[in-house]
Amino acid sequence: MSTVHIAGGGIAGLVASIVFARRGWRVTVHERSPALRANGNGFPIFENGLRVLQALGLGDSIETSGHRLERWSIYRSSGEKATEYEPFDATGGRIVMFHRQALVDLLVGAAQASGVTIAAGSRVVGAEAEGAVLLDDGRRFDADLVVGADGIRSAVRRAVMGELPLGEHRKGALRLLIPIEPGDFPDGNTRIGREFNDPSGRRVGLLPCSPTLMYMILVNLLSDPEAGRQPVEVALWSATFPMLRRYFERIGNGGHYDVYHSIFPPAWHAGRCALIGDAAHGMTPALGQGANTAMMTAYALSASVSAGASQQDELREWERKLRPLVDFTQKYAEGITAGRLDPNNEIFFSDPGLRRLLEANIPAEFDAAAA
């Protein structure tokens with residue numbers, strides 16, 4: 001039986017583990033945390049990601065574990081509505097918000113039911129291109145394939161490709177979940193995503209993940225450090241967005257702050273090691289496509305790569321098919337982050353290049369190729 005060791009128990013690592021296991025591989029997922037617990041935030045899953053969940057047999061859980069948005073409204077900091085769109089009209093499909101933990105739990109259940117071994121508290125600190133993972137306790141495991149799904153600062157990538165510079169961008173963001181309270185949605189419809197933009201570069205997103213829970217993101221320029229302080233300065237943010245004070249007052253000491261980074265490694269694979277998710281193509285969150293592209297590259301890899309003599313050709317073909325589209329998405333997101341596009345006026349998903357991304361049906365394409 002072919003063996004794959006996956007570093008990282010996030011979205012990408014879990015998706016890959018399920019498909020590998022269902023194709024008959026012996027799969028171990030190494031997660032450095034003592035339990036598979038996600039940061040307290042959320043993210044939007046578009047149709048390109050939802051197709052992956054459906055192919056994993058999780059289609060019925062999309063509506064019960066996620067929260068489908070009916071509208072996306074964009075406001076100026078004055079409170080004036082700049083634009084609004086319906087997700088299907090703008091993107092060609094659904095936008096479903098997930099609390100990150102809810103999606104992780106779905107994938108963990110599917111992985112365990114498929115026979116995946118999840119090793120929590122198992123920290124991968126290195127890898128060998130010939131096919132091995134190295135743990136911090138000195139253990140070494142040989143593998144027919146090693147998958148680095150261990151984030152933007154991937155230990156697997158560093159081990160097989162050396163130190164690569166991370167792209168640095170001009171923004172950072174605080175992300176957290178807050179409870180929905182009476183009056184947050186005057187018409188009672190919690191299926192509306194809202195974002196508020198100010199010329200200073202400050203941005204607030206209020207995206208419901210359920211009828212009772214909302215994902216909140218506060219974005220600031222790194223040249224505006226006061227806005228990035230924790231605890232959040234309620235008076236500062238309220239001066240910019242006075243209509244949002246009620247939400248700022250709920251933050252307290254909560255949230256996790258990240259500076260935006262990206263990575264463009266010379267290749268997504270080296271020897272018997274492959275990279276997926278943020279390890280391969282970490283991007284700024286301006287388009288909300290990080291999780292979606294992670295699921296796409298993870299599914300495609302595990303559906304198309306074998307342990308045999310043809311593995312290197314399969315890895316090259318996997319990257320050849322996907323990388324141009326993912327590179328385009330990364331660079332487009334960077335353009336938004338850099339301010340080259342106006343988030344108040346642009347509906348980005350009408351761009352033909354991004355439509356190719358949103359219309360991608362990775363399971364159909366790669367399952368058919370493997371048949």
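Please give me the summed charge of the neighbours of Asp137: other residues whose Cβ is under 13 Å from its Cβ, Lys and Arg +1, Asp and Glu -1.
Local net charge: +3.
What do you get for GluC sites (Glu not before Pro) in the range 102-194 restricted to DSSP loop and a cutoff of at most 16 other Cβ within 10 Å of the site's Cβ?
Of the GluC sites (Glu not before Pro), the ones in loops of the range 102-194 whose Cβ has at most 16 other Cβ atoms within 10 Å are Glu130, Glu163.
Mean projected area of the convex hull spanned by the Cα atoms of the range 238-371, taken over all viewing directions: 11.0 nm².
In debye to the nearest 20, how big a dipole does the range 21-112 give about its Cα centre with +1 on each Lys and Arg Cβ and -1 on each Asp and Glu Cβ?
Rounded to the nearest 20 debye, it is 480 debye.
One way to sum up the overall shape of the range 222-288 is the equivalent ellipsoid from its Cα gyration tensor, whose semi-axes run 37, 12, 10 Å, largest first. Working from the Cα coordinates of the range 199-310, the gyration tensor eigenvalues give, after taking √(5λ), semi-axes of 38, 16, 10 Å in decreasing order.
Our estimate of slack between Glu80 and Glu359, defined as 0.36 nm per intervening residue step minus the Cα-Cα distance, is 97.2 nm.
Using a probe of 1.4 Å, the accessible surface attributed to Met161 totals some 40 Å² when neighbouring protein chains are kept in position.
The fraction of Cα-Cα pairs per 5 angstrom bin, counted from 0 for the range 85-127, comes to 5, 16, 13, 14, 16, 13, 7, 9, 6, 0 percent, rounded to whole percents. For Pro265, neighbours were defined as the other residues whose beta-carbon sits under 12 Å from its Cβ, and their charges (Lys and Arg +1, Asp and Glu -1) total -1. Applying both filters, DSSP loop and at most 10 other Cβ atoms within 10 Å, to the trypsin sites (Lys or Arg not before Pro) of the range 238-320 eliminates every site. Taking only the alpha carbons of the range 1-74, we obtain Rg and Dmax values of 14.9, 52 Å in that order.
Could you tell me which trypsin sites (Lys or Arg not before Pro) in the range 2-55 are loop residues by DSSP with no more than 14 other beta carbons within 10 angstrom of their beta carbon?
Arg37
Label separation (Ser200 vs Glu233): 0.8 nm, computed from points 7 Å beyond Cα along the C-beta direction. Computed over the Cα atoms of the range 33-181, pair by distinct pair, the Kirkwood hydrodynamic radius stands at 18.8 angstrom. Nonpolar atom fraction for the range 277-320, defined as the carbon and sulfur part of the 1.4 Å probe accessible area, stands at 50 percent. A straight Cα-to-Cα reach below 27 Å connects Lys331 with the lysines Lys171, Lys321, residues fewer than 8 places away in its own chain not being considered. The alpha-carbon atoms of the range 41-120 define a convex hull whose volume equals 105 cubic angstrom per residue. Taking Rh as the Kirkwood radius computed over C-alpha pairs, what is the Stokes-Einstein D of the range 143-213 at 10 °C in a medium of viscosity 1.306 mPa s, expressed in µm² per second? The Stokes-Einstein estimate is 97 µm²/s.
Computed from label points 7 Å out along Cα-Cβ, the spacing between Thr212 and Asn39 is 2.5 nm. Based on alpha-carbon atoms, the Kirkwood radius and the radius of gyration of the chain give Rg/Rh equal to 0.97.
Residue separation times 0.36 nm, minus the C-alpha to C-alpha distance between Phe328 and Arg153: what's the value? The partial results should precede the final answer.
Numbers: separation 175, 0.36 × 175 = 63.00 nm, distance 2.12 nm.
The Phe328-Arg153 span can extend by a further 60.9 nm.
The mean of 1/r over all distinct Cα pairs in the range 118-159, once inverted, gives the Kirkwood hydrodynamic radius of 10.4 Å. Extents of the range 102-180, taken as max minus min of Cα coordinates on every principal axis and listed largest first, are 48, 39, 21 Å.
Tell me the Kirkwood hydrodynamic radius of the range 124-245 in angstroms, computed as one over the mean inverse distance between distinct C-alpha pairs. Across the range 124-245, the inverse of the average 1/r is 18.0 Å.
The values are calculated or read from the model by the stated rules, or taken from the named source; none is laboratory data. This structure is a prediction, so every number in the text was calculated from the model and none was measured. Every residue, glycine as well, gets a Cβ built from its backbone with ideal geometry; the counts of neighbours run over all protein chains shown. Each accessible area value is taken on the protein alone, full model and side chains, heavy atoms only, with ligands, DNA and RNA left out. Shrake-Rupley method; radii C 1.70, N 1.55, O 1.52, S 1.80 Å.
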